[in-house]
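Step one of this worksheet: look at the structure below.
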Amino acid sequence: MRKKWRGNRFEALGRTLPVLLLAGFLSAGCEPGMDTGPAGAPSETGTQVSLLEFLETHQMVELTHPLGEETIVWPTSRPFEFETTFEGWTEEGYYYASRDFSGPEHGGTHLDAPIHFYEDRWTTDQIPLDHLVAPGAVVDVSESVAEDPNYRVSVNDLMDWEDAHGRIPSGAILMLHTGKGAHWPDAVAYMGTAGTGEEALAHLQFPGLHPDAARWLVEDRDVVAVGLDTPSLDYGPSTNFEAHQILFEANIYGLENVANLHELPPTGSTILALPILLEGGTGGPVRIIALVP
Ligand SMILES: [Zn+2]
């Protein structure tokens, strides 16, 4: 069901979520073999359930930081700005409120489209819908990050996780829980600096994914995305963003500044990451939620 980059550009899917695909996904999520983690729900039967039945047995978890004046953006990005265009009672006798907003594609909780760091790969609107709704796998590296703020998640971390929780599911959205999300929106605690401009870049400190681990994911596993609770897939001191390049060449997209990863079990969740559908986007603000059994 899940396609991997093979050198051909896939056509963008239509604008409606294919119901059959979703039903198939949900029933696949109920196969006894899928639930491998001790923190997951009791395995359900192999019978197909409706979406509403599925929702009755799952909690919805918010994985998005709200987009507002306090939203953290990359030091060289402009901030999100909001302007009230009308607020109050009209002469016609009804209440009316409206705002304009502007901001970067890469600020706050957002998606990185593969084209962000690799030429001729998917833009935001080309990422297939079945890559945006996918099983979640959550790797907790917060203990290592507590000792090294610039920690990079290694192949060993991922293999240790698999020893405990089983193989990273094919087609998964892999989430790295670094613990940094707890500091949002304190930019200094979150990423080492609240400064702006080029000169602030040298002060960035936060964990990320090691390029070797990115390469391992591309070559030996079959994830559709990697997300984490920091501003970038590559760690703060990175200057060449190598993990981005490796993942994005394979059309594996990124999710950055993800919230509340501590609320997810290592396995068993279903993640929905739906970015604003920007034509030709290099990324964009994304609403991410998880369904947890
Ligand atoms: Zn980004």
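Cβ contacts < 9 Å: first residue closer than 17 Å to F241 by Cβ, restricted to segment 113-126; second residue of a type in the set (D, E), any location; separation 6+ or different chain. Result?
Sorted first by the residue in segment 113-126, then by its partner, the pairs are A113/E105; A113/D125; P114/E249; H116/E105; F117/E249; Y118/E249; R121/E249.
So, of the residues in segment 238-293 that are of a type in the set (V, I, T) and more than 16 Å from the ligand (Cβ to nearest atom), which turns out to be nearest to P128 (Cα to Cα)?
By that ranking, first place goes to I271.
Are any residues in segment 103-123 closer than 19 Å to I173 by Cβ and within 11 Å of the ligand (Cβ to nearest atom), and if so, which ones?
H106, G108, T109, H110, L111, D112, A113, H116, F117, listed by residue number.
Give me the pairs: first residue in segment 134-156 and over 24 Å from S269 (Cα atoms), second residue in a helix (DSSP H, G or I) and among the polar types (S, T, N, Q), beta-carbon distance under 6 Å, and six or more apart or on different chains, which are they?
Y151/S144
Take the conditions modelled with pLDDT of 95 or more, farther than 20 Å from G195 by Cα, assigned to a loop (DSSP other than H, G, I, E, B) and of a type in the set (S, T, Y) and apply them to T64. Does it pass?
yes
Checking G268 against (1) in contact with a Lys or Arg (Cβ under 9 Å, 6 or more places away or on another chain); (2) buried (at least 24 other Cβ atoms within 10 Å of the Cβ), which test does it fail?
(1)
The values are calculated or read from the model by the stated rules, or taken from the named source; none is laboratory data. Note that the coordinates shown come from a computational prediction; the quantities given were computed from them, not determined experimentally. Cβ: placed from backbone, ideal geometry, glycine included. Neighbour counts: every protein chain shown.
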